[in-house]
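The values are calculated or read from the model by the stated rules, or taken from the named source; none is laboratory data. What you see is a predicted model, and the numbers here were worked out from it, not measured in a lab. As a convention, Cβ positions derive from the backbone with ideal geometry for all residues, glycine included, and neighbour counts pool all protein chains shown. Accessible surface is based on the protein model in full, side chains and every heavy atom, while ligands, DNA and RNA are left aside. Shrake-Rupley method; radii C 1.70, N 1.55, O 1.52, S 1.80 Å.
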Amino acid sequence: MPHDLVLAPSILSADFARLGEEIRTVEPAVPWIHVDVMDGHYVPNLTIGPPVVKAIRGATDRYLDTHLMITDPRTYAPQFVAAGSDSVTFHPEVDDDPLDLVHRLHEDGARVGVALKPAQPLSMVTELLPHVDLLLVMTVEPGFGGQSFMHEVVPKIAEADAWRRDHDADFRLEVDGGIAEDTVALTVEAGADTFVAGSAVFRHDDRVAAVHRILDAARAATAGATG
Ligand code: DX5
Ligand code: ZN
């Protein structure tokens, strides 16, 4: 079953001093909010911890799509779930038994995703894919917002979508990094259904209009692909 198209604004590009208000500026346009968690080890940047997710949980009822760019998801992912994350997505190479971690997080009641960096092949996660709710394909190197979309990742998105069809799997296929009006169509044509966009949303004064422009570009690409 194809998934509906979802855009998840990344609050990494929002004003952290006014997070609640910033989230309210996108809420009318989106069902999901993307929360980028960085620990200063997995990536050279430090961002958001469980107390901030708890505060965000109190400020919005939107689905909190939490991207853990951290070296110890086994310790911290459950804390993000307890704080109110609806889903937690981790980079599987940092854990000795990522399938076990997927199961544990499901037992905690969360949806679970795994993420691939641009250079990591799909084969790294194929054993996990039947068990996850989401595959996040990074289209920039993790660590910072505002980078340029890496076109060379597009074939891997198509490969993941083909794998999903061939195996009757139903995980969401999410792309993250450099997604904007002019790049989203390439990812839709390759099979992505879930789009993270930080700077392409929050750099505009009218965030709802910015979301709709990206979604319109995505829908136009779907129409092109099927018709
Ligand atoms: C990068 C993060 C992304 C980032 C995307 O490490 O995972 O979610 O916020 O930002 P933009 O959309 O500006 O590339
Ligand atoms: Zn992210």
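Odds and ends about this structure:
- Solvent-accessible surface of the range 95-227, averaged per residue with a 1.4 angstrom probe and all protein chains in place: 45 square angstrom.
- Share antiparallel - DSSP beta bridges, the range 1-104, percent rounded to 5: 10 percent
- Residue-wise HN-Hα coupling along the range 143-157, computed from phi with Karplus coefficients 6.51, -1.76, 1.60 (Hz; x: Gly, Pro): x, 8, x, x, 8, 7, 4, 9, 4, 5, 7, 4, x, 5, 4
- Long-range amide H partners of R172 with built H, under 5 Å: L134, L135
- DSSP bridge analysis restricted to the chain gives an antiparallel fraction near 5%, rounded to the nearest 5.
- Along principal axes, Cα extents of the range 1-124, largest first, whole Å: 39, 38, 30
- In the range 137-206, the trypsin sites (Lys or Arg not before Pro) that fall in loop regions by DSSP, at most 14 other Cβ within 10 Å: R203
- Carbon plus sulfur fraction of accessible area for the range 132-208, probe 1.4 Å, in percent: 45 percent
- Residue-span extension gain [A162 to Q120] - 0.36 nm each, minus C-alpha spacing: 13.4 nm
- Note on E152 and R219: their simple-model spin labels are 3.5 nm apart, each label 7 Å out from Cα toward Cβ.
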